[in-house]
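The values are calculated or read from the model by the stated rules, or taken from the named source; none is laboratory data. Owing to the predicted nature of the structure, the values given are computational and were not obtained by experimental measurement. Note that we place each Cβ from the backbone using ideal geometry, even for glycine, and neighbour counts take in every protein chain shown.
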Amino acid sequence: MGADWHPHPAPPMPAPYVARDPWNPARPGVLVIACSDGRVQEPVDEFLATLGVTHYDRLYVPGGPGALSASGVSYARADQFRRECSFLIQAHGIEDVHLIFHGPAHDGPPEATCADYRLKLPTHTPGQIREQQRRDADEVMRGGFGWNVSPRLHPWRCEVTAAGAVQFVSLRSEPGPVLPPFPLAF
């Protein structure tokens with residue numbers, strides 16, 4: 001720093017923002033694991049509300065529940081994420097876990113593909129990634145990854161259609177419902 005450098009005073013702090021809703025001391029008992037992709041977060045909230053899930057713990061990371069599975073390349077990351085999920089499930093008394101993968105529907109735009117899956121599987125088509133997400137959901141459903149509790153697991157895929165609608169499809173091994181699409185422009 002030169003001799004001419006002088007620190008500037010910090011701007012005054014604005015008054016703190018006070019939220020409308022007060023703190024809720026009750027643990028929700030529900031954990032949602034979803035991708036941090038902001039393009040689908042509002043539709044995810046809307047979808048969960050249709051299931052009666054409005055108060056929940058959120059774990060939003062690149063790849064969402066796909067981070068629990070190495071998908072062939074990222075064992076250290078998957079192991080760490082599994083440990084963090086185990087902690088949350090135990091410490092927060094989680095009874096239900098909604099696992100929400102995302103990407104294009106069969107006719108959807110390729111740019112709706114989860115970026116984390118594109119990074120892990122750079123040579124895969126959106127359809128191949130969709131199938132990998134289904135395998136990853138099956139792995140999570142079977143594995144539990146050493147969780148000392150047995151929450152109910154609800155695997156979903158948030159899909160963007162060619163028309164820009166967002167639909168939620170069950171990823172259970174047995175066929176599940178396609179729920180009504182939510183409008184979303186990409």
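Among residues that are within 17 Å of the chain's Cα centre (by Cα) and surrounded by fewer than 15 Cβ atoms within 10 Å (Cβ to Cβ), Arg135 is included. Of the strands (runs of 3 or more DSSP E) entirely within segment 51-163, those holding at least 1 residues that are over 19 Å from Asp37 (Cα atoms) occupy 96-104, 152-160. Among the residues of segment 28-44, is there at least one that is among the polar types (S, T, N, Q), in a helix (DSSP H, G or I) and more than 14 Å from Ile100 (Cα to Cα)? No; the residues of segment 28-44 include none that is among the polar types (S, T, N, Q), in a helix (DSSP H, G or I) and more than 14 Å from Ile100 (Cα to Cα).
Conditions tested, residue by residue: (1) buried (at least 18 other Cβ atoms within 10 Å of the Cβ); (2) on the phi > 0 side of the Ramachandran plot; (3) over 11 Å from the mean Cα position of the chain (by Cα).
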{"residue": "Gln41", "(1), (2), (3)": "no, no, no"}
{"residue": "Ala49", "(1), (2), (3)": "no, no, yes"}
{"residue": "Arg58", "(1), (2), (3)": "no, no, no"}
{"residue": "Ser74", "(1), (2), (3)": "yes, no, yes"}
{"residue": "Phe81", "(1), (2), (3)": "yes, no, yes"}
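Cβ separations smaller than 8 Å between residues 6+ apart or across chains give the following pairs from segment 3-25 residues that are closer than 30 Å to His92 by Cβ to residues that are assigned to a loop (DSSP other than H, G, I, E, B): Asn24/His55. Here the condition is being touching a Ser or Thr at 6+ places or on another chain (Cβ under 7 Å), surrounded by 12 or more Cβ atoms within 10 Å (Cβ to Cβ) and of a type outside the set (Gly, Ala, Ser); of Pro62, Pro28, it holds for Pro62 alone.
When segment 83-100 is filtered for residues that are in contact with a strand residue (DSSP E or B) (Cβ under 8 Å, 6 or more places away or on another chain) and either buried (at least 17 other Cβ atoms within 10 Å of the Cβ) or of a type outside the set (D, E, K, R) (or both), the ones remaining, listed by number, are Cys85, Leu88, Ile89, His92, Ile94, Val97, His98, Leu99, Ile100. In segment 164-186, of all residues being assigned to a strand (DSSP E or B) and at pLDDT 70 or above, the one that is nearest to Leu68 (Cα to Cα) corresponds to Ser170. For segment 109-118, state whether one or more residues are over 15 Å from Glu159 (Cβ atoms) and β-branched (Val, Ile, Thr). No, there is no match, as no residue in segment 109-118 is over 15 Å from Glu159 (Cβ atoms) and β-branched (Val, Ile, Thr).
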